[in-house]
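*Asks:* Please find one structure pasted underneath; my questions will follow.
The values are calculated or read from the model by the stated rules, or taken from the named source; none is laboratory data. A quick note: this is a predicted structure, and the numbers were derived from the prediction, not measured. Backbone-built Cβ (ideal geometry, glycine too); neighbour counts: all protein chains shown. Side chains are part of the model used for accessible areas, which takes the heavy atoms of the whole protein and leaves out ligands, DNA and RNA. Shrake-Rupley method; radii C 1.70, N 1.55, O 1.52, S 1.80 Å.
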Amino acid sequence: MIKIAMFDTKPYDETSFEKIRPENVEITYYPVKLNKDSVALAAGKDAVCTFVNDTVDKYVIDKLCEFGVKLVALRCAGFDSVDVEACYNRIKVVRVPAYSPEAVAEHAMALIMTSVRRIHKAYNRTRDFNFSLNDLVGFNLHGKTVGVIGTGKIGKAFVNICNGFGMNVLAYDMYPANDLNAKYVEMDELLSKSDIISLHCPLTDENKHLINAETIEKMKKGVVIINTSRGGLINTKDLLDGLKSRKIGAACIDVYEEEGSLFFNDKSGHILDDDIMARLLSMPNVIVTSHQAFLTDEALGNIADTTINNINLFFEKNELPNEVCYRCENFSQCSATNSRKCKQ
């Protein structure tokens with residue numbers, strides 16, 4: 001029996017995993033996040049299953065190794081919450097690289113449409129029987145220029161959606177794709193020419209706070225910024241300053257730098273002690289969703305399927321098709337197995 005401790009579990013996680021859980025896998029579902037205070041719950045388990053806001057730092061990794069845990073199975077694509085260097089040669093890490101690129105890309109476009117056509121304002125207004133169209137003027141997406149930063153699976157899906165709207169697509173990626181209907185340009189050109197900028201890249205040490213005061217200054221006045229990737233890509237204070245100065249026309253964020261203590265939790269009965277988030281939520285040109293972009297039936301099913309498959313392949317066949325390894329190029333597709341060192 002393979003014993004798994006799943007952290008930061010919500011009802012929809014348990015539902016999707018229990019639908020496909022094989023008899024040889026036993027999962028204990030914990031609603032708490034994995035961190036130094038909760039890591040003791042992993043004692044006696046073979047693996048832990050974590051999500052985006054769990055803290056898998058060196059302290060937690062040391063404890064997991066002490067408990068004999070052999071695998072960290074991320075049920076997400078991003079792995080910035082894991083100290084992969086501290087894991088090397090001690091505990092294996094796997095992820096779900098592509099659970100549903102279309103889900104995230106479609107959510108990004110939904111945020112854009114909601115913002116530029118003022119749908120959120122119209123919804124609230126008509127609920128009060130106010131059918132006035134004053135202050136609801138938007139703009140066409142057709143013919144506008146969208147800058148897409150990151151053209152992996154999600155970025156590609158988003159570009160395809162933008163193509164369908166008749167938009168001009170500029171793209172930036174260190175590894176350009178050959179089959180994309182977009183024009184690759186340098187970052188400065190993308191920043192200066194885009195009416196809308198959408199982020200679709202992973203968070204790394206090199207691109208943390210990619211959107212900051214300096215890059216915002218290079219953007220068009222009135223630019224719309226979309227982030228459905230990772231909160232750390234944006235310096236939120238600088239974003240707030242850009243909104244206050246009217247340099248940024250609107251911002252739609254599904255992720256947030258300090259989301260760990262907020263997102264996925266009901267805070268409606270509490271005073272919000274995050275002043276920056278409170279200020280963002282007070283602005284009529286800001287839309288915040290709480291890391292919801294992935295949340296579709298299809299994506300949840302794919303996450304469960306891939307995670308269970310990752311776990312079974314490791315324990316049954318010693319295979320790691322979705323391993324994250326800090327020694328390998330772009331942290332993925334490592335050829336190492338539990339019995340030998342990484343190829344690098």
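*Asks:* Which entries in K45/K267; K121/K221; K36/K92; K63/K267; K92/K156 show an alpha-carbon gap greater than 27 Å?
*Replies:* In this structure, K45/K267; K63/K267; K92/K156 exceed 27 Å between Cα atoms.
*Asks:* Something else: Rounded, prolate or oblate, given the Cα gyration tensor of the range 88-182, with a/c below 1.5 counting as rounded?
*Replies:* Since a/c reaches 1.5 but b/c is at least a/b, the shape of the range 88-182 is classed as oblate.
*Asks:* Okay, next question. What number comes out for accessible area per residue over the range 206-338 if the probe is 1.4 Å? Units Å², please.
*Replies:* 48
*Asks:* Which one of I61, L111, F79 is farthest out on the positive end of the charge dipole of the range 57-121, using unit charges on Cβ (Lys, Arg +1; Asp, Glu -1) and the Cα centre as origin?
*Replies:* The Cα lying farthest towards the positive end belongs to L111.
*Asks:* Could you tell me how far the Cα centroid of the range 30-108 sits from the Cα centroid of the range 240-319, in Å?
*Replies:* 17
*Asks:* May I pose another question? Scale the Cα Rg of the range 251-312 by the rule-of-thumb value 2.2 N^0.38 Å and send over the ratio, two decimals.
*Replies:* 1.45
*Asks:* Are there DSSP H segments in the chain that both extend 18 Å or more along their axis (alpha-carbon positions) and score a mean Kyte-Doolittle hydropathy of at least 0.5? List them, or say none. Show your work: numbers first, answer last.
*Replies:* Values: long enough: 101-116 (23 Å, 0.90); 297-312 (23 Å, -0.34).
Those that pass (Cα extent of 18 Å or more, hydropathy at least 0.5) are 101-116.
*Asks:* Calculate the tail of P(r) for the range 7-114: the fraction of all Cα-Cα distances greater than 21 Å, expressed in %.
*Replies:* More than 21 Å apart: 40 percent of the Cα pairs in the range 7-114.
*Asks:* Could you identify which residue out of P31, P202, P97 has the top mean-square fluctuation in a GNM of the chain using Cα springs shorter than 10 Å?
*Replies:* Greatest mean-square fluctuation among the candidates belongs to P31.
*Asks:* Starting at the first residue of the range 37-45, write each ³J(HN,Hα) from the Karplus equation 6.51 cos²θ - 1.76 cosθ + 1.60 with θ = phi - 60°, in whole Hz, x for Gly and Pro.
*Replies:* Result, rounded to whole Hz: 7, 10, 4, 4, 5, 7, 4, x, 9.
*Asks:* Hey, any idea what the orientation-averaged projected area of the convex hull of the chain's Cα atoms comes to, in nm²?
*Replies:* 18.7
*Asks:* Please list the non-local residues whose amide H lies under 5 Å from the amide H of C49, H modeled 1.01 Å from N, same-chain partners needing a gap of 5 or more.
*Replies:* A5, M6, F7, A73
*Asks:* Write down the accessible area per residue of the range 1-121 in Å², having rolled a 1.4 Å probe over the full set of protein chains.
*Replies:* With all protein chains present, the range 1-121 gives 41 Å² per residue.
*Asks:* Roughly how many debye, to the nearest 20, is the charge dipole of the range 124-185 about its Cα centre, given +1 on each Lys and Arg Cβ, -1 on each Asp and Glu Cβ, and no other charges?
*Replies:* Roughly 60 debye for the range 124-185.
*Asks:* Taking every pair of distinct Cα atoms and averaging 1/r, then inverting, what Kirkwood hydrodynamic radius in Å comes out for the range 167-307?
*Replies:* So the Kirkwood estimate lands at 16.5 Å.
*Asks:* Roughly how many percent of the accessible protein surface of the chain is carbon and sulfur, given a 1.4 Å probe and a whole-percent answer?
*Replies:* Of all accessible area on the chain, carbon and sulfur atoms account for 48 percent.
*Asks:* Based on Cα positions only, what radius of gyration and what Dmax would you give for the range 208-248, in angstroms?
*Replies:* Values for the range 208-248 (Cα only, Rg and Dmax): 9.3, 25 Å.
*Asks:* Of D128, D241, D275, which has the largest mean-square fluctuation in a 10 Å C-alpha GNM of the chain?
*Replies:* D128
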